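Participant: Structure provided below as structure tokens; questions to follow.
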Amino acid sequence: MDDPWLWRWEIKDAVHDAVVQSSWEQEWTAYPSREEAYCAGRARLSAAIVPDRSERFGEWRFGASD
């Protein structure tokens with residue numbers, strides 16, 4: 001970032017060395033401390049890799065219904 005007093009998080013694809021998500025690029029969100037940016041990034045990563053148990057599959061899924 002241009003402002004040295006703000007922090008952001010990035011999630012990178014290690015295989016392709018590419019940024020997959022960024023708090024600044026997607027949300028224009030910056031954090032006042034390194035620790036806050038780190039915690040927010042970890043939360044985003046956890047949300048991306050751990051499925052939300054409250055999410056339900058719709059009827060599209062192989063004809064399943066409630």
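Participant: Output wanted: per-residue J couplings in Hz (rounded whole) for the stretch 23-30, from phi through Karplus 6.51 cos²θ - 1.76 cosθ + 1.60, θ = phi - 60°, x for Gly and Pro.
Facilitator: 5, 7, 5, 8, 10, 6, 10, 10
Participant: Follow-up. Out of residues 5 or more away from Trp7 or on other chains, whose amide H comes under 5 Å of its own, with H placed 1.01 Å from N in the peptide plane?
Facilitator: Tyr31, Ser33
Participant: Here's something else I'd like to know. Taking 0.36 nm per residue of separation and subtracting the Cα-Cα distance, what length does fully extending Leu6 through Ala30 add?
Facilitator: Gain on stretching Leu6 to Ala30: 8.1 nm.
Read-outs: derived from the displayed coordinates by stated rules, not from any lab. Just so it is clear, the structure is predicted and the values come from calculations on it, not from any experiment.
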